[in-house]
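Nothing in this text is a laboratory measurement; each read-out follows from the coordinates by a stated rule. Note that the structure is predicted; figures quoted are calculated from it, not measured. Note that each Cβ is placed from the backbone with ideal geometry, even for glycine, and that neighbours are counted across all protein chains shown.
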């Protein structure tokens, strides 16, 4: 985990790159009636992939072309706000506090994302369900979060994402690898991360 955190923090120095890559990852046809976008996937107790052990995944996109989500309960470490600002080319010795960094999934862990409340928006922001949105972890949004002037009320910073090709997620659902459940802002941002999976399981909407 420490190695992953170190790689993720080094990537903060090149945060202009993710916006281009993210656009390609999110490009898809409009979500259909069966889209899971705006819901959460909850790893079944029998999940065999250790990368998703007890994972709760906020679904950002789901269409016939594939799916993309961010794991919201796998923190990998903390970094002082001042150090994050320094990594993105700014200096502020007066700022206090730490930023918790999450592993958003195994795909492209060098790319940063910010899942946040919908009160914040940039041109590259992806609306998920009207309550929660996602923006590439650019210098601008990280600065806004740390300095607290124009940033979102709630936020979660993650590197990497969970991705599925056409029909792949549907196959995993058919094999009972995942439960589904409603997205809840408290679950995404406020719940003790050690309790997120248990809480999500209590409110799941798909039975095995």
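Residues in segment 108-124 that are touching a helix residue (DSSP H, G or I) at 6+ places or on another chain (Cβ under 9 Å) and either surrounded by fewer than 14 Cβ atoms within 10 Å (Cβ to Cβ) or more than 20 Å from residue 71 (Cβ to Cβ) (or both): 120, 122, 124. Out of all the residues in segment 169-186, is one or more closer than 19 Å to residue 101 by Cβ, within 16 Å of the chain's Cα centre (by Cα) and crowded, with 17+ Cβ neighbours inside 10 Å? The answer is no, given that none of the residues of segment 169-186 is closer than 19 Å to residue 101 by Cβ, within 16 Å of the chain's Cα centre (by Cα) and crowded, with 17+ Cβ neighbours inside 10 Å. The test for being part of a loop (DSSP other than H, G, I, E, B), closer than 29 Å to residue 54 by Cβ, touching a residue at least 24 places away in the same chain (Cβ under 8 Å) and under 11 Å from the mean Cα position of the chain (by Cα) does not hold for residue 112. Of the residues 205, 135, 126, the single one that is touching a strand residue (DSSP E or B) at 6+ places or on another chain (Cβ under 6 Å) and within 30 Å of residue 94 (Cβ to Cβ) is 135.
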